[in-house]
Amino acid sequence: MYNKKFIHVGEIFVGAKPTEISTVLGSCISVCIFDKIEQVGGMNHYLVPLWNENGLQSPKYGNISIPKLIDNMLNIGCKKYNLEAKIFGGANVINVSQEDMMIGRKNILIAKEILREYGIKILAQDIGGTRGRKILMKSDTGKIFLKYIGAS
């Protein structure tokens, strides 16, 4: 029997016990990380790519949220060399064409950059496009279930 955890923008959750972690994404990103040896998975949900050093360092920023998710997993015994990632979200859901307004694309880029810096392989991704997504991760297997939401 799985515990269930829905995460909102700016939240991070690591399922040390078997948990179905879910969220809903538009231009936001969720990075799902799984330790294939320890059988532990975690997920974040961030809104914008970079903290601009004004205000608190919140996990609503990708460059804060992703390292914090990794640190949380390492703190419970996971090993960095066993971690694998999957990335979801980053849609252009409000139909913006100006490059400086395409937050989804920037969110995708920061996720890939930080995971590369940490040496964590991206096994799968469902990113970009114009539709939102609902995802569910089983923390003990790393399996992701995805459903598109909104007009196609």
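The residues of the stretch 33-62 that are among the polar types (S, T, N, Q) and under 24 Å from residue 131 (Cα atoms) amount to a single one, 44. Considering the stretch 25-48, the residues that are surrounded by fewer than 24 Cβ atoms within 10 Å (Cβ to Cβ) and in contact with an Asp or Glu (Cβ under 9 Å, 6 or more places away or on another chain) include one that is nearest to residue 9 (Cα to Cα), namely 35. The set of residues in the stretch 49-81 that are in contact with a Lys or Arg (Cβ under 7 Å, 6 or more places away or on another chain) and within 22 Å of residue 5 (Cα to Cα) comprises 59, 74.
From the list 81, 61, exactly one residue is without any contact (Cβ under 8 Å) to a residue 40 or more places away in the chain, loosely packed, with under 12 Cβ neighbours inside 10 Å, at negative phi and among the aromatic types (Phe, Trp, Tyr). Which is it?
Going through 81, 61 in turn, just one is without any contact (Cβ under 8 Å) to a residue 40 or more places away in the chain, loosely packed, with under 12 Cβ neighbours inside 10 Å, at negative phi and among the aromatic types (Phe, Trp, Tyr): 81.
Could you identify the single residue in 76, 37, 21 that is hydrophobic (A, V, I, L, M, F, W, C), over 18 Å from residue 114 (Cβ atoms) and in contact with a helix residue (DSSP H, G or I) (Cβ under 6 Å, 6 or more places away or on another chain)? Outline the logic, then answer.
Details: 76 fails: in contact with a helix residue (DSSP H, G or I) (Cβ under 6 Å, 6 or more places away or on another chain); 21 fails: in contact with a helix residue (DSSP H, G or I) (Cβ under 6 Å, 6 or more places away or on another chain).
Of 76, 37, 21, the one residue that is hydrophobic (A, V, I, L, M, F, W, C), over 18 Å from residue 114 (Cβ atoms) and in contact with a helix residue (DSSP H, G or I) (Cβ under 6 Å, 6 or more places away or on another chain) is 37.
All of the numbers you see were taken from the coordinates with simple rules; none came from a lab. Keep in mind that this is a model prediction, so the values were computed, not measured. Reconstructed Cβ throughout: ideal geometry from the backbone, glycine too, with neighbour counts over all protein chains shown.
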